[in-house]
Amino acid sequence: MKPDLYLRNGTVITETGAFHGGVVAADGVITQVVTDTPTIDAAETIDLQGKWLLPGLVDGHVHFNEPGLEKWERYCTGTRAAAAGGVTTIVDMPLNSTPPTINLVELERKRTAVQSEAVVDYAHWGGLVNNNLADLAPLHDAGVIGFKAFMTYAPDFPRVDDDLIHAGMEQIQALGNLVAIHAENEYVTAHRARQLQAAGRRDLAAWPESRPPFQELEAIRRVLYWAGVTGARLHIVHVSIAEGVRTAAQAKLEGVSVTVETCPQYLLLDLEAYERIGPRAKCAPPLRSRAHVEALWDCVLAGLVDTIGSDHSPCTIQDKEIGYTDIWQAWGGISGVQTLLPGLLTEGVHRRGLALPLLTRMVAANPARIFGLYPQKGTILPGSDADLVVVDPDRRWTLTADDLYYRNRHSAFTGYPFQGYVERTFVRGVSVCEQGVVTGEPGFGQLLVRRHPV
């Protein structure tokens, strides 16, 4: 029987290299990876005309807010945005939905609410909070890909101190799963915020002043210590400073099981951009100086960063605009799942010479491995899901609000001039987006669970 799809005459990008060739798929999986342009009789053949063919991205860090905060985002909008950006698998964080997925009841509630919504495939994080140690094993058995914990205050997600970090790591290590940590020092950031507020500071600059780089570095060092003590598998999310990345890299050499994520906002935007863009660019950790941005790029180019995720954290425009009069009241997150790949192509590949195999490793293969989904996801290999992205590397374009598929069409990246455009996105061999038009149907996306222990 003939295959369903043949993508021919492209530049195939994998984590180990690039070559002229194509991919053949049937029944949703890759059946052949071919070099050159052999003649293959398929139900549909698409000539890529030399354009880049990458594995679909695995974005391990999104907040899609359903159920409970649908006014911010829904799976039907968030996953459409993912498809438009070449993201074929998203992993939804446990907070910013109501209630958060910190026990089995709420995990199943979320799964029921979103099962008919998603356009791309999806998985879920569980949460580690200050009162749910008994819930960790049931969540793991249900297939969560990891457990998220905060070392600093989050509005709807109880943070943990060292006692719960230690105890949680011990249990999660025994389960064969991992802990993801938001690493900022609660006591330093809260104290500085109180001082600034007492002085009447409500301006944009007050936010980054309350969360300086040194407090992030201290938290990273502390959580690395506990990972070393417990032997736990640690994933540090949205690291914004090069010294944090290098500290984790040194700990890895010393035997600590750690991986590091950074995000496009810390690579594309800086404090000057924050002052220009305003509250839409408020996030935590905050944006850093240009010197910090360039130092972080040095770490990316050196291969010290393991994954890059969007940390897509949406809200209504009103939740942002209030920050013009009081920055403390503005929501602290950036909408970015749709621009994850274009941003890295623009600032990484074109402007700094980021090698395409290294890019592929950070946005596809590594997250799939870390979250127990490889080789089903994150790679171009026979037997893997036919999750594929066709990119025109030369097309220049500027993001407008009308381009966005988010429920709330605003982002810190609107107006950004990109080079590199997602032309087609395939999920399990089915085209879900073509030339910026999402064609995938809600409910097509499938639930994924951790397939392999860490």
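The values are calculated or read from the model by the stated rules, or taken from the named source; none is laboratory data. Quantities reported herein were computed from a predicted structural model and do not represent experimental measurements. Here the Cβ is made from the backbone with ideal geometry for all residues, glycine too, and neighbour counts use every protein chain on show. The accessibility values were calculated without ligands, DNA or RNA, using every heavy atom of the protein model including side chains. Shrake-Rupley method; radii C 1.70, N 1.55, O 1.52, S 1.80 Å.
Here are the numbers:
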item	result
Single match in 69, 53, 7 (criterion: out of contact with any Pro (no Cβ under 6 Å at 6 or more places or on another chain), of a type in the set (A, V, I, L, M, F, W, C), farther than 21 Å from residue 263 by Cα and open to solvent by 30 Å² or more (accessible area, probe 1.4 Å))	69
Residue list for region 290-310, filter: over 23 Å from residue 234 (Cα atoms) and either open to solvent by 40 Å² or more (accessible area, probe 1.4 Å) or basic (Lys, Arg) (or both)	290, 291, 292, 294
Residue within region 376-386 that is closer than 30 Å to residue 330 by Cα, assigned to a loop (DSSP other than H, G, I, E, B) and under 18 Å from the mean Cα position of the chain (by Cα) present	no
Only listed residue being closer than 19 Å to residue 118 by Cα, of a type in the set (A, V, I, L, M), crowded, with 17+ Cβ neighbours inside 10 Å and touching an Asp or Glu at 6+ places or on another chain (Cβ under 8 Å), chosen from 432, 427, 389, 438	427
Test: residue in region 326-342 that is part of a loop (DSSP other than H, G, I, E, B), surrounded by 24 or more Cβ atoms within 10 Å (Cβ to Cβ), β-branched (Val, Ile, Thr) and out of contact with any Leu (no Cβ under 6 Å at 6 or more places or on another chain)	no
The listed residue being open to solvent by 20 Å² or more (accessible area, probe 1.4 Å) and charged (D, E, K, R), out of 209, 261	209
Verdict on residue 249 being in contact with a Leu (Cβ under 7 Å, 6 or more places away or on another chain), at pLDDT 95 or above, open to solvent by 20 Å² or more (accessible area, probe 1.4 Å) and hydrophobic (A, V, I, L, M, F, W, C)	yes
Criterion: touching a His at 6+ places or on another chain (Cβ under 8 Å), buried (at least 23 other Cβ atoms within 10 Å of the Cβ) and of a type in the set (A, V, I, L, M, F, W, C) - qualifying residue of 114, 62	62
Residue identified as touching a residue at least 12 places away in the same chain (Cβ under 8 Å) and assigned to a strand (DSSP E or B) among 454, 391	391
Exclusive hit being in a loop (DSSP other than H, G, I, E, B) and surrounded by 21 or more Cβ atoms within 10 Å (Cβ to Cβ), set 323, 372	372
Single match in 237, 223 (criterion: crowded, with 18+ Cβ neighbours inside 10 Å, hydrophobic (A, V, I, L, M, F, W, C) and either within 12 Å of residue 287 (Cβ to Cβ) or touching a Leu at 6+ places or on another chain (Cβ under 8 Å) (or both))	223
Pick from region 392-422, criterion farther than 25 Å from residue 117 by Cβ and either among the charged types (D, E, K, R) or at pLDDT below 95 (or both), ranking: surrounded by the fewest Cβ atoms within 10 Å (Cβ to Cβ)	394
Flag for residue 175 being open to solvent by 20 Å² or more (accessible area, probe 1.4 Å), within 14 Å of residue 232 (Cβ to Cβ) and in contact with a His (Cβ under 7 Å, 6 or more places away or on another chain)	yes
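The rows are residues; the columns are (1) touching a residue at least 40 places away in the same chain (Cβ under 8 Å); (2) assigned to a helix (DSSP H, G or I); (3) more than 22 Å from the chain's Cα centre (by Cα).
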position: 89; (1), (2), (3): yes, no, no
position: 111; (1), (2), (3): yes, yes, no
position: 122; (1), (2), (3): yes, no, no
position: 145; (1), (2), (3): yes, no, no
position: 149; (1), (2), (3): no, no, no
position: 155; (1), (2), (3): no, no, no
position: 164; (1), (2), (3): no, yes, yes
position: 173; (1), (2), (3): yes, yes, yes
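To keep it simple, each residue is scored yes or no on (1) of a type in the set (Ser, Thr, Tyr); (2) under 15 Å from residue 384 (Cα atoms); (3) buried (at least 19 other Cβ atoms within 10 Å of the Cβ); (4) at pLDDT below 95.
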position: 14; (1), (2), (3), (4): yes, yes, yes, no
position: 17; (1), (2), (3), (4): no, no, no, no
position: 21; (1), (2), (3), (4): no, no, yes, no
position: 25; (1), (2), (3), (4): no, yes, yes, no
position: 29; (1), (2), (3), (4): no, yes, no, no
position: 32; (1), (2), (3), (4): no, yes, no, no
position: 35; (1), (2), (3), (4): yes, no, no, no
position: 44; (1), (2), (3), (4): no, no, no, no
position: 49; (1), (2), (3), (4): no, no, no, no
